[in-house]
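Taking it in order: structure first as structure tokens, then the write-up.
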Amino acid sequence: MTDHAPAPVATGPSADEVRAALEALRVHDLPTHGGRTLAYVYDSGLADVDTLGRDALAMYGPTNGLDPTAFPSLLQMENDLVAEAGHLLDAPDGFVGSVTSGGTESVVLAVLAARDGAPHVTTPSMVIPSSAHAAFLKAAHLLGVRAVVVDVDPTTLRADPEAMRAAVDGTTVLLAASAPSYAHGVVDPVAEIAAVAAERGIRCHVDACIGGWVLPHLDDVPSWTFAVDGVTSVSVDLHKYAYAPKGVSLLLHRDAVLRRGHFFASADWPGYTMLNSTLQSTKSGGPLAAAWAVVRHIGRDGYAHLARQARAATLDLAGAAAGIEGLAVVAAPDASLLALTTDASCDVYTVADEMLARGWYVQPQMAFRDLPPTLHLTLSAATAPSVPAFLDDLRAAVAAARAAGPVQVDPALAGMLGSLDAGHLDDATFGRLLAAAGLAGEDGALALPQRMAPVNALLDACPPALREAILLGVLDRLSRPSAPAGTTSAP
Ligand SMILES: *Cc1c(COP(=O)(O)O)cnc(C)c1O
């Protein structure tokens, strides 16, 4: 062997063994396909769409969106996607847009652009409906923009434009509306909210992260796009109803000046001049290329068909669910999301557990202000053919939950929770809480139970700040390095 002979450098298990390990790791994950997971994932039901998305992801995984001149392919695909979204969202001449990593980043950038677009406001705030996605609260936290949260109308669960108007003051830089809201699936009165914004000379962001690729294909939706005067930006996630693999969203602005605040440049260091349109700097071209491929392949008529399929399934499901004893629809759905609640005969957490036992994931949402706890259902096209089977299982799940009765919170635990201070939940106290709740495994690790209803009911009984503190403790305990190599099933 000469010095230059290629040496085998991969010293771990073979590539095939590692691939098998990757497959094996997924056994406890929720299924991403088949339409039985009604949150987190979006399945078109079209096998070639998945294959194409995966191929594009792999093909462009190594590219870097850091510098738009180094990979012109990425810039081209970004501009193509923005153009297609502009068409769907009635964007006027002169509109612009950027591809981001997801809905949260799109919302954060909309808030950043609004903040930096009003430099004369020293303590900026934004007025948002109480149904706005928590991404706005994250933006508030990150960017120092105070969130003024206005209750939605208690019967329609839509934003209340008059109450929002009353909340505007000299510090307001942004009003927000959802199309539709994640939690309840209703579209806010965008025209009225945008009118308030236009009147006051402030911005209005429409968060269409979840609905932006569906609503344009449905009838009878009140105007919510750039067709509405006063709407200055719109966000829409391609990794939701555009059925693209995860990691891609769009933020559109009515004009280039409005966008400028979320661009960033720094020449103030000895390396390359950093020039970013979004929060990420080095970013994989994979999600962008996959979205471009999937959007092109499905096509406008294809999306119209998928949207109507999901919508019809939502209406069928809502109609039938309303007839199930013990269950109620929280608000008539405007798109393809549905929120269900129960009467006092049972609770949503037990229904969720019963559904999981039957192979369906529905997402529990806790009580908030005057709103009851609910089950969130996102219906994608792949769920449509299974609606009758879903309903059979939902009837059985609700019947089982009613037979069991509402889950009871252990009074001793409730007392312990009542004595906790969300601002000072130290690790020792948290450990005692886990132990009392029967959730402490070995070495203080967290051991999640099979049935989540008792835990969820307990969390529901906590005020939001305490729930946040407890869940941050949970996240901290979950996020710990694996045991040393050789002692786990890891490759
Ligand atoms: C999903 C969603 C977001 C956040 O998007 P991520 O992609 O999860 O970051 C924001 N707003 C609405 C209405 C959403 O549905």
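Net charge in the neighbourhood of PRO373 (other residues with Cβ under 13 Å of its Cβ; Lys, Arg +1, Asp, Glu -1) is -2. The alpha carbon centroids of the stretch 261-295 and the stretch 321-384 are separated by 39 Å.
Amide H contacts of TYR361 (H built 1.01 Å from N, in plane; Pro and chain starts excluded): THR37, LEU38 sit under 5 Å, all sequence-distant by 5 or more or on other chains.
Can you check what the Kirkwood hydrodynamic radius comes to for the stretch 55-295, Cα pairs only, in Å to one decimal?
That comes to 17.9 Å for the stretch 55-295.
Other residues whose C-beta falls under 15 angstrom from the C-beta of ASP301 contribute a net charge of +2, scoring Lys and Arg +1 and Asp and Glu -1.
For LYS138, no lysines have a Cα falling under 17 Å of its own Cα, not counting residues fewer than eight places away in the same chain. Report summary: the helix-based calculation at 222 nm, which adds -39500 (n - 2.57) for every DSSP H run with n ≥ 4 and divides by the residues of the chain, gives -12500 deg cm²/dmol. Based on the alpha-carbon gyration tensor of the chain and its eigenvalue square roots a ≥ b ≥ c, which shape applies: rounded if a/c is under 1.5, prolate if not and a/b is larger than b/c, or oblate? It comes out rounded by the Cα gyration axes.
Taking other residues whose beta carbon is less than 13 angstrom from the beta carbon of TYR40, and scoring Lys, Arg as +1 and Asp, Glu as -1, yields 0.
The stretch 18-36 and the stretch 436-465 have Cα centres spaced 25 Å apart.
A short reminder: the numbers here are calculations on the coordinates, not readings from a lab. From a predicted model like this one, the values you see are computed outputs, not experimental measurements. Here Cβ is always computed from backbone atoms with ideal geometry, including for glycine, and neighbour counts include all displayed protein chains.
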